[in-house]
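> This is the structure, below, for whatever I ask next.
The values are calculated or read from the model by the stated rules, or taken from the named source; none is laboratory data. As the structure is a prediction and not an experimental result, all values here were calculated from the model. Quick reminder, even Gly has a Cβ in these numbers, built from the backbone with ideal geometry, and neighbours come from all protein chains shown. Just the protein is used for accessible areas: all its heavy atoms, side chains included, with ligands, DNA and RNA removed. Shrake-Rupley method; radii C 1.70, N 1.55, O 1.52, S 1.80 Å.
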Amino acid sequence: MEEINPKLKEFIVDYCTRYKIKEVEPSSLSLETSIDLDLDIFDIEIDLFLAEFANQFKIDQSKFTWYKYGYPKGSASVKIIKSVFGDNAFWVKKLSKHIYKPKFKVRNLQEAVRTGKLL
């Protein structure tokens with residue numbers, strides 16, 4: 001199984017901590033971690049996240065477009081479920097993925113780090 005680049009993992013944890021988005025355990029991150037659903041980075045925040053990511057890792061994002069993934073807007077239903085029941089339970093994660101399809105994952109960032117281009 002492929003591991004996340006340690007610098008990428010550190011960037012994600014640091015970004016979430018610095019901007020008080022969500023407390024993220026480095027061990028909980030995987031390539032299938034969704035940026036919008038699991039880390040709660042969506043709307044304009046995801047554009048800021050990608051800009052900082054591209055700057056830090058020297059990634060060319062000139063050809064990146066949201067058409068491939070769909071612009072992540074979040075979900076009010078998922079937010080309510082997570083606030084009432086917490087977001088650590090397996091059934092909450094499964095129900096959240098059923099209600100809101102994750103659009104952008106750590107795997108996409110890992111590929112950008114490897115190739116130097118965010119597509």
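> Within the stretch 80-93, how many residues turn out to be more than 26 Å from L109 (Cα to Cα) and assigned to a helix (DSSP H, G or I)?
Residues meeting the conditions: 6.
> Given the conditions (1) surrounded by fewer than 15 Cβ atoms within 10 Å (Cβ to Cβ); (2) closer than 18 Å to L119 by Cα; (3) at pLDDT below 90, which single one is not true for Q56?
(3)
> Could you please tell me which pairs satisfy a Cβ distance under 8 Å, a separation of 6+ or placement on different chains, a first residue in the stretch 4-16 that is of a type in the set (F, W, Y), and a second residue that is open to solvent by 30 Å² or more (accessible area, probe 1.4 Å)?
The qualifying pairs are F11/Q56; F11/F57; Y15/I21; Y15/E52.
> Then there is this: Residues to consider are K73, K105, K94; find the one that is open to solvent by 50 Å² or more (accessible area, probe 1.4 Å), basic (K, R) and touching a Leu at 6+ places or on another chain (Cβ under 8 Å). Steps first, please.
Details: K73 fails: touching a Leu at 6+ places or on another chain (Cβ under 8 Å); K94 fails: touching a Leu at 6+ places or on another chain (Cβ under 8 Å).
Of the residues listed, the single one that is open to solvent by 50 Å² or more (accessible area, probe 1.4 Å), basic (K, R) and touching a Leu at 6+ places or on another chain (Cβ under 8 Å) is K105.
> Since D36 meets every condition but one in (1) open to solvent by less than 30 Å² (accessible area, probe 1.4 Å); (2) among the acidic types (D, E); (3) in a helix (DSSP H, G or I), which condition does it not meet?
In the conditions (1) open to solvent by less than 30 Å² (accessible area, probe 1.4 Å); (2) among the acidic types (D, E); (3) in a helix (DSSP H, G or I), D36 misses (3) alone.
> May I ask you to list the residues in the stretch 108-119 that are open to solvent by 90 Å² or more (accessible area, probe 1.4 Å) and either touching a strand residue (DSSP E or B) at 6+ places or on another chain (Cβ under 7 Å) or part of a loop (DSSP other than H, G, I, E, B) (or both)? Show your work before the answer.
Initial filter on the stretch 108-119 (open to solvent by 90 Å² or more (accessible area, probe 1.4 Å)): 114, 117, 119.
Of everything in the stretch 108-119, those that are open to solvent by 90 Å² or more (accessible area, probe 1.4 Å) and either touching a strand residue (DSSP E or B) at 6+ places or on another chain (Cβ under 7 Å) or part of a loop (DSSP other than H, G, I, E, B) (or both) turn out to be K117, L119.
> Suppose we filter S27, S77, S62, S96 for residues that are in a helix (DSSP H, G or I), out of contact with any helix residue (DSSP H, G or I) (no Cβ under 8 Å at 6 or more places or on another chain) and not charged (D, E, K, R); which single one remains? Walk me through it before giving the result.
On the way: S77 fails: out of contact with any helix residue (DSSP H, G or I) (no Cβ under 8 Å at 6 or more places or on another chain); S62 fails: in a helix (DSSP H, G or I); S96 fails: out of contact with any helix residue (DSSP H, G or I) (no Cβ under 8 Å at 6 or more places or on another chain).
Result of the check over S27, S77, S62, S96: S27.
> Listed residues Y19, Y67; which is open to solvent by 60 Å² or more (accessible area, probe 1.4 Å), among the aromatic types (F, W, Y), over 15 Å from the mean Cα position of the chain (by Cα) and modelled with pLDDT under 95?
Exactly one of Y19, Y67 is open to solvent by 60 Å² or more (accessible area, probe 1.4 Å), among the aromatic types (F, W, Y), over 15 Å from the mean Cα position of the chain (by Cα) and modelled with pLDDT under 95, namely Y67.
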